[in-house]
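The values are calculated or read from the model by the stated rules, or taken from the named source; none is laboratory data. Everything numeric in this text was worked out from a predicted model, so none of it was measured. In this analysis, Cβ positions are derived from the backbone assuming ideal geometry, glycine residues included, and neighbour counts consider all displayed protein chains. Heavy atoms of the whole protein, side chains included, go into the accessibility calculation; ligands, DNA and RNA do not. Shrake-Rupley method; radii C 1.70, N 1.55, O 1.52, S 1.80 Å.
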Amino acid sequence: MAVLNSDLKSYNTFGVSAQARAIHSIHTESELIAFLEEDTLGDDLVLGQGSNVLFTDHLPYRVGLIRLKGRHFNPYSENEVLVTAAAGEPWHDFVMWTLEQGFGGLENLALIPGSVGAAPIQNIGAYGVELKDSFFSCRAFDRNTREEKIFSTEDCAFEYRNSIFKSACKNQYVIVEVTFKLSRNNHTLNLSYAPLKNWFSNKNGDSLRPIDVAEAVCNIRRSKLPDPAILGNAGSFFKNPIITADFTQSLLTKFPEAPLYPQPDGTFKIAAGWLIDQLGLKGYRQGEAAVHDKQALVLVNLGAASGNDLKDLAQHIKKSVFNVFGITLEEEVTFYP
Ligand code: FAD
Ligand code: NAP
């Protein structure tokens, strides 16, 4: 288990500096167990690629970078296959590898940064597909007892950008492996989101392969989302709020063009990026922290922003959105310490 320099700047996609007590790079399950055994106060943090976190100060504990590698598959049924990957596999590489094997299911989730092990934490989602749609199980260690546990889809209590690992059992388990049930043939493609539908508008849907969808997703994402390697960011900073049908009606009287998406339970999802954009905040900056000029839901580090600069900007946005729309935005990014 390698012990690295204790500055987290290279280990979070915002690229903000923060000192940890120590940073450990964990490559095997026995290294993970040793790391957990040494965590006497139970407050150490595990990280994948640091693409969904904001460090607002120094961390008075150790950080373990999950770097476990490996992937394999086994037939499940005539049309389905079970594919397993270790938690430290980079998510996008894993998705592309499954598609190269001819397996379908993860194509809409291409180019999401991060690790396989972190993907269930917030039930990652994009273009109308969520991780839970092809999740089969995951294997994790309880941080306190070091006992192994297998979680089924039901155990994980997946919700919109949430799971048991981000709510009731936050920081309780370390995921070491995730298994997906993917299609081997008769793939069902989801082109419900307008950018994807438009991309393929001139093509015959019957001849499309999952890998074609992934390539379209990559092209669309590259055209509007900042690359964290060039401009520090953590993707969407806030979740899209879910509002009641009554509140939706009153909102529509003032803002008839509001982008609202009906949910199965009768509530509505409203695009948080639209709310921020309505306030003229696209491109707005406070020092080195800014709202991205193409996608208002993404906050960016222009170079020398601290975690607190980004947090202050987020506070300003939340207050402004609440004052105008009466809606409280909730962070999708997790703050540490
Ligand atoms: P980290 O940021 O390292 O960790 C996130 C949380 O998970 C932390 O609380 C950490 O403690 C915990 N964690 C990490 N690994 C483990 C593990 N093995 N076991 C237990 N806990 C663990 N998200 C989406 O849902 N959809 C998108 O389309 C999307 N697009 C993005 C685009 C950009 C440009 C960026 C920068 C981010 C985007 N994200 C998106 C957010 C992010 O990529 C995902 O949430 C991703 O799953 C985070 O993975 P990570 O390895 O970087 O996790
Ligand atoms: P977009 O197309 O500009 O749409 C804005 C929002 O409207 C999205 O967040 C999406 O919600 C919602 N939406 C659009 N079409 C919808 C439909 N047909 N049905 C239901 N909801 C719809 O979004 P974008 O910023 O370019 O992102 C495209 C996709 O990538 C989205 O799914 C988004 O979640 C995902 N993404 C996520 C992150 C992240 O960090 N979490 C970062 C970048 C992109 P949903 O978010 O619920 O899908």
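Scan 145, 98 and give me the residue that is without any contact (Cβ under 8 Å) to a residue 40 or more places away in the chain and among the hydroxyl-bearing types (Ser, Thr, Tyr).
145
Within segment 135-146, restricting attention to residues that are open to solvent by less than 40 Å² (accessible area, probe 1.4 Å) and among the aromatic types (Phe, Trp, Tyr), which residue is nearest to ligand 1 (Cβ to nearest atom)?
141
Just to be sure I understand, how many residues within segment 15-33 are over 14 Å from residue 67 (Cβ atoms) and open to solvent by less than 60 Å² (accessible area, probe 1.4 Å)?
Matching residues across segment 15-33 total 6.
Within segment 153-167, work out how many residues are of a type in the set (Phe, Trp, Tyr) and either more than 25 Å from residue 26 (Cα to Cα) or open to solvent by 50 Å² or more (accessible area, probe 1.4 Å) (or both).
Adding up the residues that qualify gives 2.
For segment 93-100, check the following and say yes or no: at least one residue is away from ligand 1 (no atom under 11 Å from the Cβ), assigned to a helix (DSSP H, G or I) and hydroxyl-bearing (Ser, Thr, Tyr).
Checking segment 93-100: at least one residue is away from ligand 1 (no atom under 11 Å from the Cβ), assigned to a helix (DSSP H, G or I) and hydroxyl-bearing (Ser, Thr, Tyr).
Got at least one residue in segment 247-258 being at pLDDT 95 or above, touching an Asp or Glu at 6+ places or on another chain (Cβ under 7 Å) and not basic (Lys, Arg)?
no
List pairs: first residue in segment 206-228 and assigned by TED's automatic domain parsing to the domain that holds residue 191 and more than 13 Å from ligand 2 (Cβ to nearest atom), second residue of a type in the set (D, E, K, R) and open to solvent by 20 Å² or more (accessible area, probe 1.4 Å) anywhere in the structure, Cβ distance under 8 angstrom, at least six positions apart or on different chains.
211/100
Can you give me the number of residues within segment 183-205 that are more than 16 Å from ligand 2 (Cβ to nearest atom) and touching a Pro at 6+ places or on another chain (Cβ under 9 Å)?
3
So if I check each of 140, 118, which one is within 16 Å of ligand 2 (Cβ to nearest atom) and assigned by TED's automatic domain parsing to the domain that holds residue 178?
118
Pull out all pairs, ordered by first then second residue, where Cβ-Cβ is under 9 Å, the residues are six or more apart or on different chains, the first lies in segment 161-174 and is assigned by TED's automatic domain parsing to the domain that holds residue 139, and the second is more than 16 Å from ligand 2 (Cβ to nearest atom) and among the polar types (S, T, N, Q).
164/172; 165/171; 165/172; 172/144
Could you tell me how many of the residues in segment 178-193 are touching a helix residue (DSSP H, G or I) at 6+ places or on another chain (Cβ under 9 Å), open to solvent by 40 Å² or more (accessible area, probe 1.4 Å) and not polar (S, T, N, Q)?
4
If you take just the strands (runs of 3 or more DSSP E) that sit entirely in segment 243-313, which of them hold at least 2 residues that are surrounded by fewer than 17 Cβ atoms within 10 Å (Cβ to Cβ) and in the same structural domain as residue 325 (by TED's automatic domain parsing)?
Filter on segment 243-313 gives 260-262.
Give the residue that is surrounded by the fewest Cβ atoms within 10 Å (Cβ to Cβ), with candidates limited to residues of segment 114-129 that are touching a residue at least 40 places away in the same chain (Cβ under 8 Å) and over 20 Å from residue 176 (Cβ atoms).
That would be 128.
Table: residues versus (1) open to solvent by 20 Å² or more (accessible area, probe 1.4 Å); (2) more than 26 Å from residue 145 (Cβ to Cβ); (3) assigned to a loop (DSSP other than H, G, I, E, B).
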residue: 10; (1), (2), (3): yes, yes, no
residue: 13; (1), (2), (3): yes, yes, yes
residue: 40; (1), (2), (3): yes, no, yes
residue: 49; (1), (2), (3): yes, yes, yes
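Considering each of 132, 170, 149 in turn, give the residue that is within 9 Å of ligand 1 (Cβ to nearest atom) and surrounded by fewer than 18 Cβ atoms within 10 Å (Cβ to Cβ).
Exactly one of 132, 170, 149 is within 9 Å of ligand 1 (Cβ to nearest atom) and surrounded by fewer than 18 Cβ atoms within 10 Å (Cβ to Cβ), namely 170.
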